[in-house]
Amino acid sequence: MSRAAKITLASSLLASAVVIWGVHFLQIRERETMFQGVIRDDERRREKMRQREQDLQESIRKREAYERIQTVSKPLSSATDHAHE
């Protein structure tokens, strides 16, 4: 085999190895990035649930305060009750 052929073969093998390593490295990085996205989504979901729980507790607290100030009575009748009679 000539010297030029050996150099071409060696450079082709080296280039192939670099490309394979590069693709592998990019796949690993992409997988880690995607996983971080899942972690961020979970944290957002937990934060949203915490906020909803706080809002619910605040609504309950306000309702109790309003009911202490003013009593709530049942409605006398509704339009749907008259429709069925």
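Hey, any hits in the stretch 63-85 for a residue that's surrounded by 10 or more Cβ atoms within 10 Å (Cβ to Cβ), under 26 Å from the mean Cα position of the chain (by Cα) and either of a type in the set (A, V, I, L, M, F, W, C) or at pLDDT 90 or above (or both)? No - not one qualifying residue is present in the stretch 63-85.
Sort through Gln51, Gln36 and tell me the only one that's assigned to a helix (DSSP H, G or I) and at pLDDT 95 or above. Give the derivation first.
Values: Gln36 fails: at pLDDT 95 or above.
Being assigned to a helix (DSSP H, G or I) and at pLDDT 95 or above holds for just one of Gln51, Gln36, which is Gln51.
The values are calculated or read from the model by the stated rules, or taken from the named source; none is laboratory data. This one's a predicted model, so the numbers in the text were calculated from it and none came from an experiment. Glycine gets a Cβ as well: all are built from the backbone with ideal geometry, and neighbour counts include every protein chain shown.
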